[in-house]
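A short worksheet on the structure shown next.
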Amino acid sequence: MKAIRIFQLKADERIPSLLFLLLIIFFHSLIISKFFVLFADYDAHNWDVFMNNFHMSGFDPITYSVLTDWHQGYDVIRHPLLAWMMYPLYVFNRLLWWITGVNCCQLLIGVLLIVLSCYSYIFLYRILVEQIGIKRIFAITLTYFFFGCAYILVAILVPDHFAISLFLLLLTLYRSGRKIKQQTSFGVVEAAILFVLTAGVTLSNGIIVAFIVLITNGKSTFSPRFWIPVFLLPTFLLMITGLSLKYGLGEWGNPVQQQMKDVYQYASYTDIVVENFLGESIQLHRQYLLGDVLVRRPVIVRYSWMLQYVVEAILCMLFVWGLWLGRKQRCGWILSVILLYTTILHFVLGFGLNEVYIMACHWVYVIPLGIGYLYRYLPSRVQWTIFGFMLVITLYLWLYHGYLLYHYLTWPLRF
(Lines give C-alpha, C1' and ligand atoms only; values in the text may rest on other atoms or scores of the structure.)
Protein backbone atom coordinates (compact mmCIF):
# COMPACT_ATOMS: atom_id res chain seq x y z
CA MET A 1 0.00 0.00 0.00
CA LYS A 2 2.86 2.42 0.76
CA ALA A 3 4.20 1.95 -2.77
CA ILE A 4 0.79 2.84 -4.20
CA ARG A 5 0.40 5.93 -2.00
CA ILE A 6 3.23 7.81 -3.68
CA PHE A 7 1.16 7.83 -6.89
CA GLN A 8 -1.87 9.42 -5.19
CA LEU A 9 -2.27 13.14 -5.81
CA LYS A 10 -2.35 15.50 -2.85
CA ALA A 11 -4.73 18.45 -2.62
CA ASP A 12 -2.10 21.09 -3.49
CA GLU A 13 -0.92 19.08 -6.51
CA ARG A 14 -4.22 18.70 -8.34
CA ILE A 15 -4.77 22.04 -10.08
CA PRO A 16 -1.13 22.61 -11.21
CA SER A 17 -0.95 18.96 -12.34
CA LEU A 18 -4.22 19.29 -14.27
CA LEU A 19 -2.93 22.35 -16.10
CA PHE A 20 0.30 20.51 -16.92
CA LEU A 21 -1.72 17.49 -18.11
CA LEU A 22 -3.77 19.67 -20.48
CA LEU A 23 -0.62 21.27 -21.90
CA ILE A 24 1.03 17.91 -22.54
CA ILE A 25 -2.14 16.45 -24.08
CA PHE A 26 -2.23 19.43 -26.46
CA PHE A 27 1.33 18.84 -27.68
CA HIS A 28 0.79 15.10 -27.94
CA SER A 29 -2.33 15.70 -30.02
CA LEU A 30 -0.16 17.62 -32.48
CA ILE A 31 2.45 14.89 -32.94
CA ILE A 32 -0.17 12.12 -33.05
CA SER A 33 -2.42 13.90 -35.56
CA LYS A 34 0.56 14.71 -37.78
CA PHE A 35 1.42 11.05 -38.35
CA PHE A 36 -1.83 9.24 -37.53
CA VAL A 37 -2.82 8.84 -41.18
CA LEU A 38 0.36 6.83 -41.73
CA PHE A 39 -0.17 4.42 -38.82
CA ALA A 40 -3.93 4.00 -38.87
CA ASP A 41 -3.70 1.98 -42.09
CA TYR A 42 -0.13 0.77 -41.76
CA ASP A 43 2.09 -0.76 -44.42
CA ALA A 44 5.75 -0.66 -45.45
CA HIS A 45 5.19 2.32 -47.74
CA ASN A 46 3.67 4.33 -44.88
CA TRP A 47 6.69 3.56 -42.70
CA ASP A 48 8.99 4.93 -45.41
CA VAL A 49 6.88 8.09 -45.65
CA PHE A 50 6.95 8.41 -41.86
CA MET A 51 10.74 8.07 -41.70
CA ASN A 52 11.12 10.69 -44.43
CA ASN A 53 9.08 13.12 -42.32
CA PHE A 54 10.07 12.27 -38.73
CA HIS A 55 12.89 14.67 -37.92
CA MET A 56 12.96 15.39 -34.20
CA SER A 57 16.65 16.06 -33.63
CA GLY A 58 18.51 12.85 -32.68
CA PHE A 59 15.48 11.09 -31.21
CA ASP A 60 14.53 7.74 -32.74
CA PRO A 61 10.97 6.49 -33.47
CA ILE A 62 11.97 2.88 -32.80
CA THR A 63 9.20 2.46 -30.23
CA TYR A 64 6.55 2.91 -32.93
CA SER A 65 8.23 0.13 -34.87
CA VAL A 66 8.46 -2.13 -31.80
CA LEU A 67 4.77 -1.71 -30.95
CA THR A 68 3.78 -2.28 -34.57
CA ASP A 69 5.89 -5.39 -35.18
CA TRP A 70 7.68 -6.40 -31.98
CA HIS A 71 11.42 -6.99 -32.26
CA GLN A 72 14.63 -6.07 -30.43
CA GLY A 73 14.85 -2.77 -32.23
CA TYR A 74 16.89 -0.96 -29.60
CA ASP A 75 20.62 -1.17 -29.01
CA VAL A 76 20.50 -4.11 -26.59
CA ILE A 77 23.81 -3.19 -24.96
CA ARG A 78 22.62 0.28 -23.97
CA HIS A 79 18.93 -0.65 -23.51
CA PRO A 80 18.94 -4.33 -22.52
CA LEU A 81 15.36 -4.60 -21.22
CA LEU A 82 13.57 -1.82 -23.08
CA ALA A 83 12.06 -3.97 -25.83
CA TRP A 84 10.74 -6.45 -23.24
CA MET A 85 9.19 -3.56 -21.32
CA MET A 86 7.35 -2.59 -24.50
CA TYR A 87 6.09 -6.12 -25.14
CA PRO A 88 2.83 -5.80 -23.11
CA LEU A 89 1.98 -2.65 -25.07
CA TYR A 90 2.72 -4.49 -28.31
CA VAL A 91 0.29 -7.28 -27.32
CA PHE A 92 -2.36 -4.71 -26.38
CA ASN A 93 -1.79 -2.88 -29.66
CA ARG A 94 -2.26 -6.10 -31.66
CA LEU A 95 -5.52 -6.70 -29.79
CA LEU A 96 -6.78 -3.19 -30.56
CA TRP A 97 -5.62 -3.54 -34.15
CA TRP A 98 -7.60 -6.76 -34.49
CA ILE A 99 -10.72 -5.15 -32.96
CA THR A 100 -10.62 -1.76 -34.69
CA GLY A 101 -8.55 -2.39 -37.81
CA VAL A 102 -6.34 0.55 -36.78
CA ASN A 103 -2.71 0.47 -35.66
CA CYS A 104 -2.97 2.30 -32.31
CA CYS A 105 0.76 2.39 -31.49
CA GLN A 106 0.82 6.20 -31.46
CA LEU A 107 -2.11 6.41 -29.06
CA LEU A 108 -0.65 3.83 -26.66
CA ILE A 109 2.77 5.48 -26.61
CA GLY A 110 1.10 8.86 -26.20
CA VAL A 111 -0.84 7.67 -23.15
CA LEU A 112 2.30 6.09 -21.64
CA LEU A 113 4.36 9.26 -22.13
CA ILE A 114 1.60 11.50 -20.76
CA VAL A 115 1.25 9.40 -17.60
CA LEU A 116 5.02 9.19 -17.02
CA SER A 117 5.45 12.93 -17.70
CA CYS A 118 2.72 13.88 -15.23
CA TYR A 119 4.24 11.75 -12.50
CA SER A 120 7.68 13.15 -13.30
CA TYR A 121 6.14 16.59 -12.77
CA ILE A 122 4.66 15.47 -9.43
CA PHE A 123 7.88 13.89 -8.15
CA LEU A 124 9.96 16.96 -9.05
CA TYR A 125 7.41 19.23 -7.35
CA ARG A 126 7.41 17.05 -4.22
CA ILE A 127 11.20 17.03 -4.01
CA LEU A 128 11.20 20.83 -4.07
CA VAL A 129 8.43 21.20 -1.47
CA GLU A 130 8.93 18.25 0.87
CA GLN A 131 12.68 17.74 0.76
CA ILE A 132 14.30 21.04 -0.20
CA GLY A 133 11.59 22.83 1.74
CA ILE A 134 10.50 25.79 -0.41
CA LYS A 135 7.11 27.48 -0.85
CA ARG A 136 4.62 25.84 -3.18
CA ILE A 137 4.45 28.82 -5.53
CA PHE A 138 8.24 28.67 -5.95
CA ALA A 139 8.11 24.90 -6.53
CA ILE A 140 5.37 25.20 -9.16
CA THR A 141 7.39 27.80 -11.07
CA LEU A 142 10.58 25.73 -10.98
CA THR A 143 8.73 22.59 -12.06
CA TYR A 144 7.10 24.36 -15.01
CA PHE A 145 10.47 25.89 -15.84
CA PHE A 146 12.00 22.42 -16.03
CA PHE A 147 9.35 21.04 -18.37
CA GLY A 148 9.52 24.17 -20.50
CA CYS A 149 13.21 23.47 -21.19
CA ALA A 150 13.75 22.58 -24.84
CA TYR A 151 14.87 18.98 -24.71
CA ILE A 152 12.69 18.11 -21.75
CA LEU A 153 9.53 19.21 -23.55
CA VAL A 154 10.60 17.51 -26.78
CA ALA A 155 11.72 14.32 -25.00
CA ILE A 156 8.32 13.78 -23.34
CA LEU A 157 6.65 14.00 -26.77
CA VAL A 158 8.79 11.76 -28.96
CA PRO A 159 8.52 7.93 -29.08
CA ASP A 160 11.93 7.34 -27.51
CA HIS A 161 13.08 6.11 -24.11
CA PHE A 162 14.04 9.42 -22.47
CA ALA A 163 10.69 10.14 -20.79
CA ILE A 164 10.84 6.68 -19.21
CA SER A 165 14.35 7.35 -17.91
CA LEU A 166 13.27 10.74 -16.54
CA PHE A 167 10.38 9.18 -14.62
CA LEU A 168 12.61 6.48 -13.09
CA LEU A 169 15.38 8.93 -12.13
CA LEU A 170 12.97 11.39 -10.47
CA LEU A 171 11.19 8.53 -8.72
CA THR A 172 14.55 7.35 -7.32
CA LEU A 173 15.46 10.89 -6.26
CA TYR A 174 12.10 11.32 -4.55
CA ARG A 175 12.43 8.02 -2.69
CA SER A 176 15.98 8.97 -1.71
CA GLY A 177 14.90 12.34 -0.36
CA ARG A 178 12.18 10.79 1.75
CA LYS A 179 14.59 8.27 3.22
CA ILE A 180 17.16 10.95 4.00
CA LYS A 181 14.48 13.03 5.71
CA GLN A 182 13.20 10.02 7.68
CA GLN A 183 16.77 8.83 8.39
CA THR A 184 16.14 5.43 6.82
CA SER A 185 17.84 3.54 3.99
CA PHE A 186 17.01 1.79 0.75
CA GLY A 187 16.24 -1.87 1.27
CA VAL A 188 17.74 -4.55 -0.96
CA VAL A 189 14.50 -5.23 -2.86
CA GLU A 190 13.60 -1.60 -3.56
CA ALA A 191 17.14 -0.63 -4.53
CA ALA A 192 17.46 -3.66 -6.83
CA ILE A 193 14.14 -2.93 -8.54
CA LEU A 194 15.03 0.74 -9.14
CA PHE A 195 18.50 -0.19 -10.40
CA VAL A 196 17.31 -2.95 -12.75
CA LEU A 197 14.46 -0.88 -14.21
CA THR A 198 16.59 2.23 -14.73
CA ALA A 199 19.62 0.36 -16.09
CA GLY A 200 17.32 -1.86 -18.17
CA VAL A 201 16.01 1.23 -19.96
CA THR A 202 19.42 2.93 -20.26
CA LEU A 203 22.44 1.15 -18.81
CA SER A 204 24.42 4.33 -18.07
CA ASN A 205 21.58 5.68 -15.90
CA GLY A 206 21.93 2.67 -13.62
CA ILE A 207 25.14 4.33 -12.40
CA ILE A 208 23.13 7.40 -11.36
CA VAL A 209 20.83 5.16 -9.31
CA ALA A 210 23.89 3.53 -7.74
CA PHE A 211 25.23 6.96 -6.72
CA ILE A 212 21.87 7.96 -5.26
CA VAL A 213 21.63 4.74 -3.24
CA LEU A 214 25.25 5.09 -2.07
CA ILE A 215 24.79 8.64 -0.78
CA THR A 216 21.44 7.75 0.78
CA ASN A 217 22.56 4.56 2.54
CA GLY A 218 26.15 5.49 3.28
CA LYS A 219 28.61 2.80 4.35
CA SER A 220 25.96 0.07 4.46
CA THR A 221 25.94 0.13 0.65
CA PHE A 222 29.34 -1.63 0.64
CA SER A 223 28.09 -4.63 2.56
CA PRO A 224 28.30 -7.74 0.32
CA ARG A 225 24.75 -8.59 1.37
CA PHE A 226 23.65 -5.34 -0.25
CA TRP A 227 25.84 -4.58 -3.26
CA ILE A 228 25.99 -8.12 -4.63
CA PRO A 229 22.20 -8.61 -5.06
CA VAL A 230 21.50 -4.92 -5.81
CA PHE A 231 24.32 -3.99 -8.22
CA LEU A 232 26.78 -6.77 -9.06
CA LEU A 233 24.42 -9.62 -9.93
CA PRO A 234 21.87 -7.44 -11.85
CA THR A 235 24.68 -5.75 -13.81
CA PHE A 236 26.14 -9.14 -14.77
CA LEU A 237 22.71 -10.43 -15.86
CA LEU A 238 21.93 -7.24 -17.82
CA MET A 239 25.25 -7.43 -19.65
CA ILE A 240 24.81 -11.13 -20.41
CA THR A 241 21.29 -10.46 -21.67
CA GLY A 242 22.48 -7.62 -23.88
CA LEU A 243 25.45 -9.51 -25.30
CA SER A 244 23.46 -12.68 -25.95
CA LEU A 245 20.80 -10.72 -27.80
CA LYS A 246 23.31 -8.64 -29.72
CA TYR A 247 25.27 -11.63 -31.00
CA GLY A 248 22.39 -14.08 -31.15
CA LEU A 249 19.88 -12.06 -33.14
CA GLY A 250 21.42 -12.59 -36.55
CA GLU A 251 19.22 -10.61 -38.93
CA TRP A 252 16.55 -10.13 -36.23
CA GLY A 253 16.98 -6.47 -35.39
CA ASN A 254 15.65 -3.04 -36.12
CA PRO A 255 14.89 -2.88 -39.86
CA VAL A 256 15.29 0.89 -39.95
CA GLN A 257 18.56 1.05 -38.01
CA GLN A 258 21.49 2.18 -40.13
CA GLN A 259 25.21 2.18 -39.60
CA MET A 260 26.15 5.22 -37.55
CA LYS A 261 28.75 7.47 -39.09
CA ASP A 262 31.34 9.58 -37.39
CA VAL A 263 29.81 13.05 -37.49
CA TYR A 264 32.11 14.81 -35.04
CA GLN A 265 33.22 18.16 -36.35
CA TYR A 266 35.99 20.37 -35.12
CA ALA A 267 34.38 22.25 -32.23
CA SER A 268 35.80 23.50 -28.98
CA TYR A 269 34.46 22.23 -25.67
CA THR A 270 33.53 25.84 -24.87
CA ASP A 271 31.24 25.99 -27.91
CA ILE A 272 29.68 22.62 -27.04
CA VAL A 273 29.03 23.72 -23.44
CA VAL A 274 27.60 27.12 -24.38
CA GLU A 275 25.57 26.17 -27.45
CA ASN A 276 24.58 22.58 -26.72
CA PHE A 277 25.06 21.33 -23.15
CA LEU A 278 23.75 24.44 -21.39
CA GLY A 279 22.25 26.03 -24.48
CA GLU A 280 20.17 23.76 -26.70
CA SER A 281 19.21 21.59 -23.73
CA ILE A 282 17.23 24.56 -22.35
CA GLN A 283 16.57 26.89 -25.30
CA LEU A 284 16.03 25.73 -28.87
CA HIS A 285 18.05 27.35 -31.62
CA ARG A 286 15.76 28.68 -34.33
CA GLN A 287 18.22 27.84 -37.08
CA TYR A 288 18.26 24.13 -37.96
CA LEU A 289 15.26 23.69 -35.64
CA LEU A 290 15.26 20.10 -34.31
CA GLY A 291 17.76 19.14 -36.98
CA ASP A 292 19.78 15.92 -36.74
CA VAL A 293 23.59 16.07 -36.78
CA LEU A 294 23.52 12.79 -38.74
CA VAL A 295 21.75 14.54 -41.60
CA ARG A 296 22.31 18.26 -42.13
CA ARG A 297 22.55 20.05 -38.78
CA PRO A 298 26.03 21.32 -37.80
CA VAL A 299 27.26 20.29 -34.35
CA ILE A 300 27.48 23.98 -33.38
CA VAL A 301 24.62 26.38 -34.08
CA ARG A 302 24.56 29.96 -32.76
CA TYR A 303 21.63 31.75 -31.15
CA SER A 304 20.01 34.58 -33.07
CA TRP A 305 19.35 36.73 -30.00
CA MET A 306 22.07 37.87 -27.61
CA LEU A 307 19.42 37.85 -24.86
CA GLN A 308 19.38 34.04 -25.03
CA TYR A 309 23.02 33.94 -23.95
CA VAL A 310 22.19 36.31 -21.10
CA VAL A 311 19.40 33.96 -19.94
CA GLU A 312 21.78 31.00 -20.10
CA ALA A 313 24.44 32.81 -18.09
CA ILE A 314 22.02 33.92 -15.35
CA LEU A 315 20.50 30.44 -15.05
CA CYS A 316 23.98 28.93 -14.77
CA MET A 317 24.95 31.44 -12.08
CA LEU A 318 21.77 30.81 -10.05
CA PHE A 319 22.19 27.06 -10.34
CA VAL A 320 25.84 27.06 -9.20
CA TRP A 321 24.98 29.46 -6.38
CA GLY A 322 22.17 27.17 -5.25
CA LEU A 323 24.38 24.08 -5.33
CA TRP A 324 26.92 25.89 -3.18
CA LEU A 325 24.27 26.81 -0.61
CA GLY A 326 23.04 23.22 -0.56
CA ARG A 327 26.51 21.70 -0.28
CA LYS A 328 25.92 20.50 3.30
CA GLN A 329 22.74 18.61 2.40
CA ARG A 330 22.90 15.02 1.16
CA CYS A 331 20.38 15.89 -1.56
CA GLY A 332 22.83 18.59 -2.65
CA TRP A 333 25.62 16.00 -2.75
CA ILE A 334 23.49 13.82 -5.01
CA LEU A 335 22.87 16.70 -7.44
CA SER A 336 26.58 17.55 -7.55
CA VAL A 337 27.54 13.91 -8.17
CA ILE A 338 24.97 13.58 -10.99
CA LEU A 339 26.33 16.71 -12.66
CA LEU A 340 29.93 15.49 -12.24
CA TYR A 341 29.06 12.05 -13.62
CA THR A 342 27.27 13.60 -16.61
CA THR A 343 30.24 15.86 -17.32
CA ILE A 344 32.69 12.94 -17.22
CA LEU A 345 30.42 10.74 -19.36
CA HIS A 346 30.09 13.30 -22.14
CA PHE A 347 33.18 15.51 -21.98
CA VAL A 348 35.81 13.03 -20.82
CA LEU A 349 34.55 9.75 -22.28
CA GLY A 350 32.94 11.55 -25.24
CA PHE A 351 29.63 9.67 -25.13
CA GLY A 352 27.03 11.41 -27.31
CA LEU A 353 29.02 14.63 -27.32
CA ASN A 354 27.94 15.57 -30.85
CA GLU A 355 24.27 15.74 -29.75
CA VAL A 356 24.65 16.00 -25.99
CA TYR A 357 21.41 18.00 -25.63
CA ILE A 358 19.18 15.00 -26.38
CA MET A 359 20.38 13.50 -23.07
CA ALA A 360 18.94 16.49 -21.16
CA CYS A 361 16.41 14.29 -19.32
CA HIS A 362 19.28 12.50 -17.60
CA TRP A 363 20.56 15.58 -15.78
CA VAL A 364 18.78 18.93 -16.35
CA TYR A 365 16.52 18.38 -13.32
CA VAL A 366 19.55 19.29 -11.19
CA ILE A 367 19.13 22.92 -12.37
CA PRO A 368 15.69 23.63 -10.84
CA LEU A 369 16.59 21.54 -7.79
CA GLY A 370 19.82 23.50 -7.36
CA ILE A 371 17.98 26.81 -7.73
CA GLY A 372 15.53 25.51 -5.13
CA TYR A 373 18.24 25.89 -2.48
CA LEU A 374 18.31 29.64 -3.18
CA TYR A 375 14.70 29.85 -2.05
CA ARG A 376 15.55 27.86 1.05
CA TYR A 377 18.60 29.76 2.26
CA LEU A 378 18.39 33.34 0.95
CA PRO A 379 16.47 36.23 2.56
CA SER A 380 12.81 36.64 1.62
CA ARG A 381 13.31 39.73 -0.56
CA VAL A 382 15.99 37.99 -2.61
CA GLN A 383 13.77 34.91 -2.91
CA TRP A 384 10.98 36.95 -4.49
CA THR A 385 13.42 38.66 -6.86
CA ILE A 386 14.63 35.27 -8.07
CA PHE A 387 11.02 34.10 -8.27
CA GLY A 388 10.16 37.03 -10.55
CA PHE A 389 13.08 36.21 -12.84
CA MET A 390 12.23 32.49 -12.95
CA LEU A 391 8.57 33.26 -13.64
CA VAL A 392 9.51 35.43 -16.63
CA ILE A 393 11.95 32.78 -17.92
CA THR A 394 9.34 30.04 -17.48
CA LEU A 395 6.70 31.97 -19.44
CA TYR A 396 9.27 32.76 -22.12
CA LEU A 397 10.31 29.10 -22.51
CA TRP A 398 6.72 27.84 -22.83
CA LEU A 399 5.69 30.57 -25.28
CA TYR A 400 8.89 30.36 -27.33
CA HIS A 401 8.99 26.56 -27.52
CA GLY A 402 5.23 26.28 -27.86
CA TYR A 403 5.30 28.56 -30.89
CA LEU A 404 8.20 26.72 -32.53
CA LEU A 405 6.80 23.23 -31.82
CA TYR A 406 3.29 24.13 -32.98
CA HIS A 407 4.54 25.30 -36.36
CA TYR A 408 7.00 22.43 -36.64
CA LEU A 409 4.40 19.75 -35.84
CA THR A 410 1.71 21.22 -38.11
CA TRP A 411 3.97 21.38 -41.17
CA PRO A 412 2.45 19.20 -43.96
CA LEU A 413 3.81 15.71 -44.65
CA ARG A 414 5.79 14.91 -47.79
CA PHE A 415 4.14 11.90 -49.45
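The values are calculated or read from the model by the stated rules, or taken from the named source; none is laboratory data. Owing to the predicted nature of the structure, the values given are computational and were not obtained by experimental measurement. Glycine gets a Cβ as well: all are built from the backbone with ideal geometry, and neighbour counts include every protein chain shown. In case anyone asks, the SASA skips ligands and DNA or RNA and just uses the protein heavy atoms, side chains included. Shrake-Rupley method; radii C 1.70, N 1.55, O 1.52, S 1.80 Å.
Indicate the helices, whole DSSP H runs only, in the chain that combine a mean Kyte-Doolittle hydropathy of 0.5 or more with a Cα extent along their long axis of 24 angstrom or more.
On the way: long enough: 14-40 (36 Å, 2.09); 82-100 (27 Å, 0.88); 105-126 (32 Å, 1.75); 162-182 (30 Å, 0.71); 306-325 (29 Å, 1.82); 380-409 (42 Å, 0.86).
In the chain, the long hydrophobic H runs are 14-40, 82-100, 105-126, 162-182, 306-325, 380-409.
So how long is each side of segment 1-78 along the principal axes, counting just the alpha-carbon atoms, biggest first, in Å?
Here the spans come out as 49, 31, 25 Å, largest first.
From largest to smallest, what semi-axes in whole angstrom does segment 113-163 give when each is the square root of 5 times an eigenvalue of its alpha carbon gyration tensor? All intermediate terms of the calculation are to be shown ahead of the outcome.
Working: eigenvalues 98, 24, 10 Å².
For segment 113-163, the ellipsoid semi-axes come out as 22, 11, 7 Å.
Which of Phe146, Val115, Gln72 sits closest to the plus end of the dipole of segment 58-150, meaning its Cα is farthest towards the positive end, when Lys and Arg get +1 and Asp and Glu get -1 on the C-beta?
The residue sitting most towards the positive pole is Phe146.
What's the long-distance tail for segment 149-190, i.e. % of Cα pairs beyond 17 Å?
46 percent
Viscosity 1.567 mPa s, temperature 4 °C: Stokes-Einstein D of segment 362-415 from its Kirkwood Cα radius, in µm² per second? Write out the running numbers ahead of the final one.
Working: Rh = 13.7 Å.
Using the Kirkwood radius from Cα pairs, D works out to 95 µm²/s.
Rg to Rh ratio, segment 90-186, alpha-carbon atoms and Kirkwood radius? Don't skip to the end; give the middle numbers.
Working: Rg = 16.8 Å, Rh = 15.1 Å.
Taking Rh as the inverse mean 1/r over Cα pairs, Rg/Rh reads 1.11.
Would you calculate, for the chain, the mean residue ellipticity at 222 nm contributed by helices, counting each DSSP H stretch of 4 or more residues as -39,500 (n - 2.57) and dividing by all residues, to the nearest 500? If you can, show how the numbers build up before the last one.
On the way: 17 runs with 252 residues, N = 415.
Theoretical 222 nm ellipticity from helices: -20000 deg cm²/dmol.
Computed over the Cα atoms of the chain, what is the convex hull's projected area averaged over all directions, in nm²? Could the numbers behind the result be given before it?
Details: hull surface 82.9 nm².
Mean shadow area of the hull around the Cα atoms is 20.7 nm².
Starting with the highest mean, order 48-61, 395-408 by the number of other Cβ atoms within 10 Å, averaged over the residues of each peptide. If you can, show how the numbers build up before the last one.
On the way: 48-61: 17.9, 395-408: 15.7.
Ranking the peptides 48-61, 395-408 by packing returns 48-61, 395-408.
Which value does Rg/Rh take for segment 1-156 over its C-alpha atoms, Rh per Kirkwood? Please report the intermediate quantities before stating the final value.
Values: Rg = 17.8 Å, Rh = 17.5 Å.
Value, to two decimals: 1.02.
Across every pair of different alpha-carbon atoms, what Kirkwood hydrodynamic radius in Å does segment 299-380 reach? Walk me through the numbers on the way to the answer.
Values: mean 1/r = 0.0713 Å⁻¹.
By the Kirkwood definition, the hydrodynamic radius is 14.0 Å.
Please work out how much accessible surface Ser268 shows to a 1.4 Å probe, ignoring ligands, DNA and RNA, in Å² rounded to 10.
Its accessible surface works out to 50 Å², give or take rounding.
Give me the distance between the Cα centres of segment 333-348 and segment 55-132, rounded to whole Å.
27 Å
Over segment 1-120, what is the mean sequence separation of C-alpha contacts under 8 Å (at least six apart), divided by residue count, expressed as relative contact order in percent? Before the final figure, lay out the partial values.
On the way: 80 pairs, mean separation 35.8, N = 120.
Relative contact order for segment 1-120 comes out at 30 percent.
Suppose every Lys and Arg Cβ carries +1 and every Asp and Glu Cβ carries -1, with no other charges. What dipole size does the chain come out with about its Cα centre, to the nearest 20 debye? Can you show the working numbers first?
Numbers: 28 positive and 19 negative charges, 357 e Å.
So the magnitude is around 1720 debye.
Highest mean first, how do 227-233, 372-378, 120-126, 282-288 rank when packing is the count of other Cβ atoms within 10 Å averaged over residues? It would help to have the intermediate numbers written out before the result.
Values: 227-233: 17.0, 372-378: 22.1, 120-126: 24.3, 282-288: 19.9.
Packing proxy ranking, top to bottom: 120-126, 372-378, 282-288, 227-233.
At a Cα cut-off below 12 Å, give the aspartates and glutamates reachable from Lys181, other chains included and same-chain residues fewer than 8 away excluded.
Lys181 reaches Glu130.
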